[in-house]
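Below: the structure, in C-alpha cells.
The values are calculated or read from the model by the stated rules, or taken from the named source; none is laboratory data. The shown structure was predicted, so the numbers you read here are calculated from the model rather than taken from an experiment. Cβ sites come from the backbone with ideal geometry, for glycine too, and all protein chains shown count toward neighbours.
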Ligand SMILES: *Cc1c(COP(=O)(O)O)cnc(C)c1O
Ligand code: SF4
C-alpha cells in the first residue's frame, strides 16, 4: 500500500486508502454511522492497519463499522455527565480541586468508542478568544482550582501560539499548581510534537504533565516513541490513559505488552478506563468481572511501575472510582483480615 499523505475523513477516503472494501462506500448502515459520528484516520495509523476491524486492534479503534448503528437502551448521549457540571462554556468542574478545560472539540483521529463522541468532531466548537478568556477567568476566580486538565477534543491540535496563551494564563494564576494536557497526538500524529509545541508548554512556575491516550503496544511506533522522548527530554512527566476494549486489548498478553511498552517509553501508566456507555459502542464493552480478572493477572506478572489504576467514570456525572480488584478479604468475626498475594494465596493479617 502506498503511504497516504492526508488524514482519511470519509468512507471513500478509507476505501481509497485500502482499509475498507470498495463495497463499503455504498453500504447504507455504514453511511448512517458516517453521518452520526465523525471519521478521521491519520496517515500514521493508516500505515499501521493490517486487516479488517474485526481482527486488527488498530483498525478496530478507528475504522467505522455497521455495529455502531446499534444503540442499546443503557447507552447515553453524555455518558460521564459533562453537561451537568459545566459552569461556563469549555469548563467542567466536578471535583473541588480540579477542572477540565476544553478549548476545542477536534481530534487528530476519531476513536470509534469515544466517550464524548456526540460532542467531538471537526469544524466549529472551538472556544473563540472571548470564550477562552471567560473560561480562563473562571479558573482565575476559583482559588480552589489546584489543577487544570486541558482536554477536548485534543488540545495538541491547537496552534502552538494558542497553547502558549493557555499555558501562560494558567502559569500566571498562582493557585494553579498543575497543568495537565490529555492528548492522543504523540501516538497518532507524532510529527505535531514540534519544537514550537514543546516551547509552548514551558512554564516559569506551574508543573506541566502530559497524559497520552494509547490502547495497544503497536501504536507505539518508532515515530511515536521519538515524539514521547522529545516531551520527556523537555522535562515533562508523561502519563498514559488506556481504555479497556473488547477486541483491542482485552487479553493479559495485550495489556502486558502495552504497559511494558509505555513504561519503556518513559510513560507511567495512570488509568485503565472501563469503557463508558457511549452510544453505538456495545461491541467494545466487557464486564467489570472480566476487567478485574485481567488486572489480577497483570499484578502477578508486571512491575508496579506498569500497573495503572482500573477506573470507571460513574454514569450521571458522579466521577471516577477505582473498581478493583481487591486483595483484602472480608473481616472474620474477630476482625482478622486475609490478604491475597500475587499468586492468589491468602494470608492472615491481625485486626489491629
Ligand atoms: C476525569 C476527570 C478529571 C480528572 O480526574 P483524575 O482522577 O484527577 O484524573 C477531572 N474532572 C473531570 C470532570 C473529569 O471527568
Ligand atoms: S482522541 Fe479522545 S476525545 Fe478524541 S475521539 Fe479519541 S477518545 Fe474521543
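Observations on the structure shown:
- Selection status of residue 151, surrounded by fewer than 20 Cβ atoms within 10 Å (Cβ to Cβ) and either more than 26 Å from residue 189 (Cβ to Cβ) or within 16 Å of ligand 2 (Cβ to nearest atom) (or both): no
- Wholly within region 288-352, strands (runs of 3 or more DSSP E) carrying at least 3 residues that are modelled with pLDDT of 95 or more and closer than 17 Å to residue 245 by Cα: 309-314
- Count of region 297-307 residues, restricted to those that are out of contact with any helix residue (DSSP H, G or I) (no Cβ under 7 Å at 6 or more places or on another chain) and either within 16 Å of ligand 2 (Cβ to nearest atom) or closer than 22 Å to residue 238 by Cα (or both), is 3.
- Yes/no for residue 275 being part of a loop (DSSP other than H, G, I, E, B), under 17 Å from the mean Cα position of the chain (by Cα) and at pLDDT 95 or above: yes
- All positions within region 214-240 that are touching a strand residue (DSSP E or B) at 6+ places or on another chain (Cβ under 7 Å), free of Cβ contacts under 8 Å to residues at least 60 places away in the same chain and not in a helix (DSSP H, G or I): 214, 236, 237, 238, 239
- In region 61-101, the residues that are in contact with a helix residue (DSSP H, G or I) (Cβ under 8 Å, 6 or more places away or on another chain) and part of a helix (DSSP H, G or I): 62, 66, 67, 68, 69
- Flag if residue 170 is surrounded by fewer than 20 Cβ atoms within 10 Å (Cβ to Cβ) and either within 16 Å of ligand 1 (Cβ to nearest atom) or not in a helix (DSSP H, G or I) (or both): no
- Residue 315 vs. criteria exposed (fewer than 14 other Cβ atoms within 10 Å of the Cβ), in contact (Cβ under 8 Å) with a residue 12 or more places away in the chain and more than 16 Å from ligand 2 (Cβ to nearest atom): no
- Cβ-Cβ under 7 Å pairs, at least 6 apart or on other chains, region 257-278 side on the phi > 0 side of the Ramachandran plot, far side buried (at least 22 other Cβ atoms within 10 Å of the Cβ) and at pLDDT 95 or above: 266/228
- For residue 78, the conditions (1) under 28 Å from residue 147 (Cα atoms); (2) within 16 Å of ligand 2 (Cβ to nearest atom); (3) crowded, with 21+ Cβ neighbours inside 10 Å all hold with the exception of (3).
- Taking the criterion of being more than 16 Å from ligand 2 (Cβ to nearest atom), in a loop (DSSP other than H, G, I, E, B) and at pLDDT 95 or above, the residues of region 102-148 that qualify are 141, 142, 143, 144, 145, 146.
- Of the helices (runs of 4 or more DSSP H) that lie entirely inside region 1-60, those containing 2 or more residues that are under 27 Å from residue 217 (Cβ atoms) span 11-16, 43-48.
- Those residues of region 120-143 which are closer than 30 Å to residue 244 by Cβ and either in contact with a helix residue (DSSP H, G or I) (Cβ under 9 Å, 6 or more places away or on another chain) or crowded, with 20+ Cβ neighbours inside 10 Å (or both), in sequence order: 120
- Condition broken by residue 20, with the remaining ones in (1) surrounded by 22 or more Cβ atoms within 10 Å (Cβ to Cβ); (2) within 20 Å of the chain's Cα centre (by Cα) satisfied: (2)
- Residue within region 180-193 that is part of a helix (DSSP H, G or I), without any contact (Cβ under 8 Å) to a residue 60 or more places away in the chain and within 16 Å of ligand 2 (Cβ to nearest atom) present: yes
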